[in-house]
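> Let me begin by handing over the structure; questions about it come next.
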Ligand code: PAF
């Protein structure tokens with residue numbers, strides 16, 4: 001790509017399919033990075049990884065109404081297609097797919113994808129319809145593009161687990177690749193929604209990262225009681241008066257089930273509201289490698 005030249009933005013699924021089929025016809029591979037736009041360095045790291053591993057990288061940018069409940073931020077979700085396109089170009093994408101809502105949903109879908117059980121725990125308790133909206137739109141994107149690989153950030157760990165399970169259960173011919181969370185220098189996980197934080201709230205937002213570190217330290221210090229580790233994480237969240245915690249949880253990394261005794265690969269997850277922002281974060285802890 002010559003300097004200053006920006007990649008194409010495709011609006012129609014039929015045009016996208018022509019582009020991805022042409023790559024495959026030459027024996028090339030297609031990588032997909034699904035996003036809702038308002039990209040940050042974390043998204044760019046997914047794009048760069050895909051660009052290194054595939055002949056064509058498509059970044060989809062679509063604020064999916066199906067994954068927002070009544071009263072959530074669908075209408076105000078930050079959007080900036082020009083800036084996103086530039087960031088995708090810089091990171092090595094080949095094209096952007098930015099369908100209008102009527103292209104993704106020409107009629108109200110009565111066929112949806114629900115990854116039962118995994119969609120109801122953790123975030124699912126606070127956002128009961130969210131993950132069915134996510135799995136449905138991701139299944140549609142997979143059908144439209146036919147990517148060989150699709151890249152998701154570990155920041156949305158439950159989403160990643162759900163997409164993996166959906167792909168396995170439905171035998172979708174796509175490799176779901178999980179990529180590490182990108183953090184600001186003070187530990188705050190990068191998120192498009194961080195833009196909602198005020199100048200006073202921004203330093204407070206590190207409380208999620210601090211809570212996760214305290215949980216990890218408790219496991220590293222020998223605690224094998226999930227309740228004890230959750231209490232340590234919850235105490236850090238509770239000590240921050242501006243934050244309203246939703247949960248602090250320790251689960252098995254694959255099943256997202258809470259074990260009776262901590263062993264093997266775990267995921268520590270937290271969620272809290274801070275002003276207009278609802279923030280989530282997580283880290284992995286392997287009890288066998290501490
Ligand atoms: O993580 C996101 O940005 C969205 O949930 C996704 C995967 C693009 C589906 O709309």
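Readers should treat all values here as calculations from the given coordinates under stated rules, not as data from a laboratory. All of these numbers come straight from a predicted model, not from anything done at the bench. Methodologically, a virtual Cβ is constructed for each residue, glycine included, from the backbone with ideal geometry; neighbour enumeration extends over all protein chains shown.
> Residue 126 to residue 198: extension gain in nm, 0.36 nm per residue of separation minus the Cα-Cα distance?
Values: separation 72, 0.36 × 72 = 25.92 nm, distance 2.34 nm.
Between residue 126 and residue 198, full extension yields 23.6 nm more.
> Provide the three semi-axes, in whole Å and in decreasing order, of the ellipsoid equivalent to the stretch 157-234 as defined by the square roots of 5 times the Cα gyration tensor eigenvalues. Each step should come with its number before you reach the end.
Values: eigenvalues 158, 97, 21 Å².
Largest first, the stretch 157-234 gives 28, 22, 10 Å.
> Rounded if a/c is under 1.5, else prolate if a/b beats b/c, else oblate: with a ≥ b ≥ c from the C-alpha gyration tensor eigenvalues square-rooted, which is the stretch 94-178? Intermediate values should be presented prior to the final figure.
Working: a/c = 1.61, a/b = 1.18, b/c = 1.37.
The shape class here is oblate.
> Another one. Restricting things to Cα coordinates, could you compute the convex hull volume per residue of the stretch 100-246 in Å³? Show your work: numbers first, answer last.
Values: hull volume 23.2 nm³, N = 147.
For the stretch 100-246, the hull spanned by Cα atoms encloses 158 Å³ per residue.
> On full extension of the chain, what length is gained from residue 242 through residue 111, given 0.36 nm per residue of separation minus the C-alpha to C-alpha distance? Kindly include the intermediate steps, with their values, before the conclusion.
Values: separation 131, 0.36 × 131 = 47.16 nm, distance 4.08 nm.
Difference between extended and current length: 43.1 nm.
> Please identify, among 153, 27, 215, the residue showing maximal mean-square fluctuation in a Gaussian network model of the chain using a 10 angstrom Cα cutoff.
Comparing 153, 27, 215 in a Gaussian network model of the chain, the most mobile one is 27.
> Once fully extended, how much extra length lies between residue 53 and residue 184, figured as 0.36 nm per residue of separation less the alpha-carbon to alpha-carbon distance? Write out the running numbers ahead of the final one.
On the way: separation 131, 0.36 × 131 = 47.16 nm, distance 2.57 nm.
Full extension of this stretch gives 44.6 nm more.
> Take the Cα pairs of the stretch 213-272, get the Kirkwood Rh, then feed it into Stokes-Einstein at 25 °C and 0.890 mPa s and tell me D in µm²/s.
Details: Rh = 11.6 Å.
Approximately 211 µm²/s, per Stokes-Einstein.
> Find the percent of Cα-Cα distances in the stretch 3-77 that exceed 21 Å, and round it to a whole number. Before the final figure, lay out each step's value.
Details: 1081 of 2775 pairs.
Percent of Cα pairs beyond 21 Å in the stretch 3-77: 39.
> Also, quick follow-up: How would the stretch 17-166 be classified by its alpha-carbon gyration tensor: rounded, prolate or oblate, with rounded meaning a/c under 1.5 and the a/b versus b/c comparison settling the rest? Walk me through the intermediate numbers first.
Working: a/c = 1.58, a/b = 1.46, b/c = 1.08.
Prolate shape, in that a/c is at least 1.5 and a/b is the bigger ratio.
> Anyone know which of 60, 171, 29 comes out most mobile in the 10 Å Cα GNM of the chain?
Highest fluctuation among the options: 171.
> Using alpha-carbon pairs under 8 Å, 6+ residues apart, how would you state the relative contact order of the chain in percent? Could you put the intermediate results ahead of the total?
Details: 522 pairs, mean separation 46.3, N = 290.
About 16 percent, as a whole number.
> Oh, and also: Based on DSSP H runs of at least 4 residues, each adding -39500 (n - 2.57), what is the mean residue ellipticity at 222 nm of the chain after dividing by all its residues, to the nearest 500 deg cm²/dmol? Write out the running numbers ahead of the final one.
Numbers: 10 runs with 105 residues, N = 290.
Helices in the chain give a 222 nm mean residue ellipticity of -11000 deg cm²/dmol.
> Going from the alpha-carbon gyration tensor of the chain, what semi-axes, largest first and in whole Å, does one get by taking the root of 5 times each eigenvalue?
Whole-Å semi-axes of the equivalent ellipsoid: 33, 21, 19.
> Name all residues of the stretch 34-72 having a backbone nitrogen under 16 Å from the label point set 7 Å from the Cα of residue 9 along its Cα→Cβ direction, giving them as ranges.
From the stretch 34-72, the list is 35-40, 59-64.
> So, one more: Cut-off 10 angstrom, C-alpha nodes, Gaussian network model of the chain. Which of 46, 95, 170 fluctuates the most?
Of 46, 95, 170, the most mobile in the Gaussian network model is 170.
> List the residues of the stretch 218-250 whose backbone N lies under 16 Å from a point placed 7 Å from the Cα of residue 287 along the Cα-to-Cβ direction.
Those under the cut-off are 218-231, 249-250.
> Take the Cα of residue 29, step 7 Å along the line toward its Cβ, and report every residue of the stretch 52-70 whose backbone nitrogen sits under 20 Å from that point.
From the stretch 52-70, the list is 52-60.
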